[in-house]
Amino acid sequence: MRFEEWPDSPGIWLDFAAGSLGRFSLQTAVWNLQTVQAQAERVRTRAFQLENLLRRLEDLSGPDSVRILENLDRLRRPGSLAVVTTIHASLVGGPAFHILKCLAAVKACRELAKYAIEAVPVCWISTAPPADFSRWTAGLLDHGGELHPLGLKPESADFPVGAPLPRQQMEDLLGKIQELGQGTFDEETIDSLRSACGQGATLSSAAARLFLDWMSDWGMIVLDSGAPELKTALEGASADLRRREDEIRSLLRKQSAILAQSGYVGQFPDDFLPDFPQQSCVLPVAAVVLDPYEIHSFVKSLPIFAELGLPCPLVCPQSRATLVDARSRRTLGKYRLDIHELFTDASSVTAKIRDTIPRSAEKRLEDLALEVDLGMTELGTLIPGGDENAETRGSCRERILYQIERMRQRCEAAAARREAAANRQIRRARNFLAPGGRSQERGLAGICFLLRYSRAVLQVVYEKLDIFRFEHQIISMD
């Protein structure tokens with residue numbers, strides 16, 4: 001399946017993939033030596049107030065985070081750059097695409113290293129999610145493959161991500177997750193989740209702790225923009241942005257109107273300031289990893305970069321991927337289904353499966369019953385009325401038709417069992433590959449894969465992910 005055909009792809013993302021954004025020119029991360037060196041020089045000409053921020057991040061990372069501390073130290077060196085990806089503060093780390101974005105940022109740093117450019121990956125946790133993003137719910141699969149939309153119910157719709165998580169609700173949720181696993185979930189992942197969501201944890205701090213843990217093999221720096229410990233450092237580094245807020249919001253409204261004229265509508269108010277300009281004020285950002293729903297916000301921000309004299313980051317599109325396990329692959333192969341068919345209405349798939357189940361035995365038995373009935377009827381015309389043979393004929397007819405009907409019913413029941421089994425298998429595959437009719441990366445919580453495969457799944461996906469492919473990738477988990 002080509003990238004353009006996959007669900008959950010807004011129009012602006014498809015146009016971006018096709019290189020047809022028209023007047024909104026973006027410098028994508030299809031990198032060459034000239035592109036990356038020019039970008040590095042643009043970023044290096046600016047001075048950044050990093051020390052205060054880096055010290056706070058060291059405290060939040062903890063003394064045992066060796067690789068993270070190494071990357072924080074690298075960021076202190078003159079000329080070092082950052083590749084930033086933004087995730088939304090959300091329950092249990094949020095959807096799977098958050099993990100894909102982080103891994104893409106890590107791989108982008110590896111690509112820059114090929115050009116002798118030192119860069120470190122940064123996960124920026126945003127406290128302002130898009131309009132249709134549910135930060136309080138998460139789609140999890142139980143040990144049998146059933147989909148469960150778990151969530152918390154905060155006291156109000158605008159419950160702040162910086163407020164402590166409802167303690168009892170969180171305990172109940174953690175208990176429910178263990179119950180869903182029935183002893184099959186990875187214990188280390190459950191322990192890390194319980195630790196991240198401990199007493200006093202907020203939605204954003206819990207997400208930060210999870211990603212610090214999950215991405216520790218690569219030393220990814222996690223910056224929780226809602227953390228009180230970072231407030232002073234972030235505001236100080238982006239003071240110019242805040243001083244000119246009214247002017248900047250006016251520019252945002254104008255750019256939103258231009259986008260709307262081109263048919264592109266975003267998920268934030270027209271004057272909402274995305275995180276991208278602040279990121280470039282705070283950090284030496286060489287590139288940003290963008291998911292499909294961030295393209296609009298990033299394009300809306302372009303005049304802000306120009307107005308503040310900030311180097312506009314290179315764009316590295318999020319690698320979109322679906323993880324496919326052996327069971328789902330067997331199901332698709334057995335019933336001759338393509339993944340994209342799982343996104344269609346369930347009834348159409350059921351009808352297709354019903355057509356593949358053989359019904360010839362039932363039809364032959366029905367025909368046989370008709371033949372027996374006709375034969376016995378003809379035989380009856382040869383026997384005089386009141387003859388004792390007529391009674392015997394009638395009795396034989398009933399017994400034969402009864403046995404034929406029993407065989408037909410057994411065949412019908414066997415076909416129904418096969419159909420039910422097929423529907424269960426397809427339901428399980430749909431829940432894993434197209435949960436709720438959405439793409440896997442947006443319909444399932446990322447922690448699902450760690451609960452199922454342990455943290456080893458991150459290394460597998462990292463190795464197989466191709467950050468320079470716009471086509472949706474299928475990653476085998478065999």
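Computed log10 I(q)/I(0) for region 84-155 at 0.11, 0.21 Å⁻¹: -0.39, -0.92, from the Debye equation with unit scatterers placed on every C-alpha and solvent omitted. Neighbours of Arg243, meaning other residues whose beta-carbon lies under 14 angstrom from its beta-carbon, give a summed charge of -3 when Lys and Arg score +1 and Asp and Glu score -1. Ordering of 255-266, 299-310 by packing is 299-310, 255-266, highest average first (other Cβ atoms within 10 Å, averaged per residue). Model label points for His148 and Ala163, set 7 angstrom from Cα along the Cα-to-Cβ axis, are 2.6 nm apart.
The Stokes-Einstein estimate for the chain, based on a Kirkwood radius over Cα pairs and taken at 4 °C with 1.567 mPa s viscosity, is a diffusion coefficient of 51 µm²/s. Shown in residue order for region 330-346 are the 3J(HN,Hα) couplings computed by the Karplus curve 6.51 cos²θ - 1.76 cosθ + 1.60 at θ = phi - 60°: 4, 4, 4, x, 4, 9, 6, 10, 9, 3, 5, 5, 6, 8, 7, 4, 4 Hz (x for Gly and Pro). Legend: P(r) of region 64-116 from all alpha carbon pair distances, 10 Å bins from 0, whole percents, reading 21, 43, 31, 5.
Only helical DSSP H runs with n ≥ 4 go in: add -39500 (n - 2.57) per run for the chain, normalise by residue count and round the 222 nm mean residue ellipticity to 500 deg cm²/dmol.
-17000 deg cm²/dmol
Each of Gln425, Ala208, Leu174 was scored by the projection of its Cα onto the charge dipole of the chain, and the greatest displacement toward the positive side belongs to Ala208; charges sit on the C-beta of Lys, Arg, Asp and Glu.
Ordering Ile68, Ala260, Pro154 by Cα displacement along the dipole of the chain toward the positive end leaves Ile68 in first place; charges were set at the Cβ atoms of Lys, Arg (+1) and Asp, Glu (-1). For region 139-229, the fraction of alpha-carbon pairs lying more than 16 Å apart is 60 percent, rounded to a whole number. Could you sort out which of Lys101/Lys153; Lys153/Lys176; Lys107/Lys464 sit more than 19 Å apart by Cα distance in this structure? Listed pairs above 19 Å: Lys101/Lys153.
Average projection, convex hull of the Cα set of region 191-245: 4.8 square nanometres.
Antiparallel DSSP bridges in the chain: what percent, to the nearest 5?
Details: 7 of 32 bridges.
Taking every DSSP beta bridge within the chain, about 20 percent pair in antiparallel fashion.
What is the local net charge at Gly151, summed over the other residues whose Cβ is closer than 13 Å to its Cβ (Lys, Arg +1; Asp, Glu -1)? Spell out each step's value before the answer.
Working: positive: Arg135, Lys153, Lys176; negative: Asp172.
Value of the local net charge: +2.
When both region 407-431 and region 223-289 are represented by their alpha-carbon centers, they are found 54 Å apart.
When a/c reaches 1.5 or more, the comparison of a/b and b/c decides; with that in mind, is region 1-142 rounded, prolate or oblate per its Cα gyration tensor? Oblate, since a/c reaches 1.5 and b/c is not below a/b. Extending 7 Å from the Cα toward the beta-carbon at both Ser134 and Arg455 defines two label points whose distance is 3.0 nm.
Go through 107-114, 237-244, 270-277 and give me the packing order, highest mean Cβ count within 10 Å leading.
Values: 107-114: 18.2, 237-244: 14.9, 270-277: 20.0.
Highest mean packing first, the order is 270-277, 107-114, 237-244.
Taken along the Cα-to-beta-carbon direction at a fixed 7 Å, the label points for Ala421 and Tyr115 span 5.6 nm.
In order along region 428-443, the Karplus-derived 3J(HN,Hα) couplings, from 6.51 cos²θ - 1.76 cosθ + 1.60 at θ = phi - 60°, round to 5, 5, 5, 4, 7, 9, 9, x, x, x, 10, 5, 4, 5, 10, x Hz, and Gly and Pro are given as x.
No value in this document is a laboratory result; all are computed from the given coordinates. A quick note: this is a predicted structure, and the numbers were derived from the prediction, not measured. All Cβ positions, glycine included, derive from the backbone under ideal geometry; neighbour counts span all protein chains shown.
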